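Just below is one structure, and these are the notes that go with it.
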Amino acid sequence: MYDIIIVGAGPAGLTSAIYACRAQKKVLVLEALTYGGQIINTLDIENYPAAAHISGSDFAKNIYNQAKELGAEVVFEKVIDINDNINTKEVITQNNKYICKALILATGADNRKLGLDNEDELLGKGLSYCATCDGSFFKGKDVAVVGGGNSALEDALYLSDIANKVYLIHRREEFRAENITIDKVNKKSNIEIIYNSNVTKLNANNVLESIEITNNENKVSVLKVSALFIAVGKIPENQNFAKIINLSETGYVIANEDCHTNIEGIFVAGDNRVKSLRQLVTATADGAIAATEAVKYINNLK
């Protein structure tokens with residue numbers, strides 16, 4: 001039996017592992033894919049305290065190695081179900097069943113899709129959710145980014161140094177991003193901003209050739225681009241917990257700043273919980289809080 005099982009090996013989950021291991025607890029981290037979560041797609045982290053410039057992949061490697069060195073066991077298996085047995089929790093993966101005293105859900109969030117007909121088929125053929133992963137394939141080409149938050153604008157900035165031209169498409173009249181990021185975008189001569197418009201069709205012949213956009217007046221225009229980078233938000237990875245964990249209307253785990261869920265002994269950390277700000281620093285903060293609360297819970301078990 002483990003003291004604490006953590007579902008997810010992103011910054012929140014690995015920070016939880018670090019704090020739990022330092023409290024001398026037996027810790028298992030379960031991860032479906034690879035460690036690091038979404039942060040591995042960030043080229044340069046500029047807003048994390050005391051680490052003014054570090055790549056997302058380096059940050060992920062550092063925090064993963066730190067957790068491992070402190071004694072965390074990491075197993076790459078997808079969790080498909082959890083059960084609450086009062087003083088113990090059961091975690092079921094595709095391969096095994098694990099028992100623990102306390103459970104931390106740090107599953108993060110996945111990319112939100114546009115919902116267009118051939119979106120899945122064109123993934124990797126001109127369609128991408130990761131500019132830092134795939135941007136280099138389109139050096140000197142015309143590309144487009146859709147979205148209005150920090151991620152979309154950061155993608156456009158990154159691509160502007162690679163591509164010939166970047167169309168930045170946003171469905172509203174104002175961006176949701178930080179002002180400093182908006183200012184950087186406005187200063188880029190090869191970024192063209194298209195407000196009040198949605199991407200409504202992907203035109204392709206095996207690979208993406210152009211996109212159709214429709215504005216608020218239902219006027220349709222065609223942009224010839226070699227790639228479309230989608231940055232329209234995330235979907236929390238909480239589907240497998242919905243039977244026992246209270247979720248919001250949008251699928252996020254309902255929890256306050258103490259990271260407690262509605263089930264005693266089950267905690268949440270990171271982007272998959274209801275919160276006002278989803279940043280690297282808030283993910284790691286959640287991880288520290290969730291682990292600390294889980295340790296208190298275990299120590300109070302009779």
So the strands (runs of 3 or more DSSP E) completely within segment 207-302 holding 1 or more residues that are over 24 Å from TYR19 (Cα atoms) are 207-215, 220-224, 227-230, 234-236
Exception for LYS25 within (1) in a helix (DSSP H, G or I); (2) surrounded by 13 or more Cβ atoms within 10 Å (Cβ to Cβ) falls at (1)
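What number of residues in segment 48-63 are among the hydrophobic types (A, V, I, L, M, F, W, C) and either outside the structural domain of LEU103 (by TED's automatic domain parsing) or part of a helix (DSSP H, G or I) (or both)? Show your work before the answer.
So the first thing to find is which residues in segment 48-63 are among the hydrophobic types (A, V, I, L, M, F, W, C), and the list is 50-52, 54, 59-60, 63.
Next cut, either outside the structural domain of LEU103 (by TED's automatic domain parsing) or part of a helix (DSSP H, G or I) (or both) only: 59-60, 63.
Looking only at that region, the number is 3.
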Some residue of segment 40-47 being in a helix (DSSP H, G or I), surrounded by 15 or more Cβ atoms within 10 Å (Cβ to Cβ) and free of Cβ contacts under 8 Å to residues at least 60 places away in the same chain: yes
Which numbered condition in (1) farther than 18 Å from VAL295 by Cβ; (2) of a type in the set (S, T, N, Q); (3) part of a helix (DSSP H, G or I) is the only one that THR34 fails? (3)
Just the residues that are surrounded by fewer than 20 Cβ atoms within 10 Å (Cβ to Cβ), polar (S, T, N, Q), out of contact with any strand residue (DSSP E or B) (no Cβ under 7 Å at 6 or more places or on another chain) and under 23 Å from THR284 (Cβ atoms), please, taken from segment 110-138. none
Count - residues of segment 206-222 that are exposed (fewer than 15 other Cβ atoms within 10 Å of the Cβ), under 18 Å from LYS141 (Cα atoms) and modelled with pLDDT of 95 or more: 3
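Looking only at strands (runs of 3 or more DSSP E) that fall completely inside segment 64-180, which ones have 1 or more residues that are at pLDDT 95 or above and not hydroxyl-bearing (Ser, Thr, Tyr)?
Details: elements: 73-75, 79-85, 88-93, 97-105, 109-111, 142-146, 165-169.
Because the criterion is at least 1 residues that are at pLDDT 95 or above and not hydroxyl-bearing (Ser, Thr, Tyr), the strands (runs of 3 or more DSSP E) in segment 64-180 that meet it are 73-75, 79-85, 88-93, 97-105, 142-146, 165-169.
Taking the condition of being small (Gly, Ala, Ser), surrounded by fewer than 17 Cβ atoms within 10 Å (Cβ to Cβ) and over 17 Å from the mean Cα position of the chain (by Cα), how many residues in segment 52-109 meet it?
So the count comes out to 2.
The values are calculated or read from the model by the stated rules, or taken from the named source; none is laboratory data. Nothing here was measured: the structure is a model prediction, and the numbers come from that model. Cβ: placed from backbone, ideal geometry, glycine included. Neighbour counts: every protein chain shown.
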